[in-house]
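Written below as structure tokens is the structure these notes are about.
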Amino acid sequence: MSPERLPRLVLPLLLWLSTVPAFAAAPPPSTSSGTVITITADQSSALSPPHDNRMQVVYSGHVVIHRGTLTLHGTRAVIHTNKQGIESAVVTGSPARFILESKGKPAIHGEAATITYTAGNQMLTLDGQVHLTRPGESFSAAHATYGLQSQRLSASGSGSGPIHAVLTPASGSSP
């Protein structure tokens, strides 16, 4: 086996090992470069084109992806990697869901037909029947993006309907 093929074989093995339930039972450890990503699923398959540093791993069944305070749930996830690590995760389901925990704030729960997590810019992109909720607040749109670090939400409606938001005013406030 040539030395240049070794990294191509090790990464799929490591990704496959991350699907073993015993690894998912413990919370993900922190590393000096950030929080690791753990993935559990019923099945997985990997595609690594020859002479390419990129790889695509498809997880299916009951898929759970966890990184730090973010948890994604779906029936299928396509993970795109390069030699530096995970680039993105595209999660689909009926619907795909996420939970974003935040210190000192209530968790944000979201769902959409497709949720894309982009690791490089820490962004969630939600497409198709987007619904976000937090106690006292709800939000619906056809498309939304949410910056995990900036906590900025951007959304757009579609021909099927506008953006819809419900906000509860702080107690004691008047109109």
Looking only at segment 46-63, decide whether some residue is of a type in the set (Val, Ile, Thr), within 18 Å of residue 147 (Cβ to Cβ) and surrounded by 17 or more Cβ atoms within 10 Å (Cβ to Cβ). no
**Prompt:** Restricting attention to segment 125-133, does a residue exist that is surrounded by fewer than 17 Cβ atoms within 10 Å (Cβ to Cβ), in a strand (DSSP E or B) and at negative phi?
**Reply:** yes
Here the residues within segment 42-80 that are of a type in the set (A, V, I, L, M, F, W, C) and closer than 23 Å to residue 110 by Cβ are 58, 63, 64, 65, 70, 72, 77, 78, 79
Pairs returned, first residue in segment 23-51 that is under 12 Å from residue 67 (Cβ atoms), second residue that is modelled with pLDDT of 80 or more and of a type in the set (A, V, I, L, M), beta-carbon separation under 7 angstrom, 6 or more apart or interchain, are 28/36; 29/36; 37/65; 37/86; 39/65
Of the candidates 69, 118, the one satisfying the condition of being touching a residue at least 24 places away in the same chain (Cβ under 8 Å), crowded, with 16+ Cβ neighbours inside 10 Å, touching a Ser or Thr at 6+ places or on another chain (Cβ under 7 Å) and on the phi < 0 side of the Ramachandran plot is 118
The number of residues in segment 75-117 that are among the acidic types (Asp, Glu) and closer than 16 Å to residue 64 by Cα is 2
Matching residues in segment 110-129 (farther than 16 Å from residue 81 by Cα and either of a type outside the set (A, V, I, L, M) or touching a Pro at 6+ places or on another chain (Cβ under 9 Å) (or both)) number 10
Among 108, 39, 99, 79, the single one that is surrounded by fewer than 16 Cβ atoms within 10 Å (Cβ to Cβ) and in a strand (DSSP E or B) is 99
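The values are calculated or read from the model by the stated rules, or taken from the named source; none is laboratory data. In this text, all values refer to a predicted model and were calculated from it rather than measured experimentally. Because the Cβ atoms are built from the backbone with ideal geometry, glycine has one as well, and the counts that use them run over all protein chains shown.
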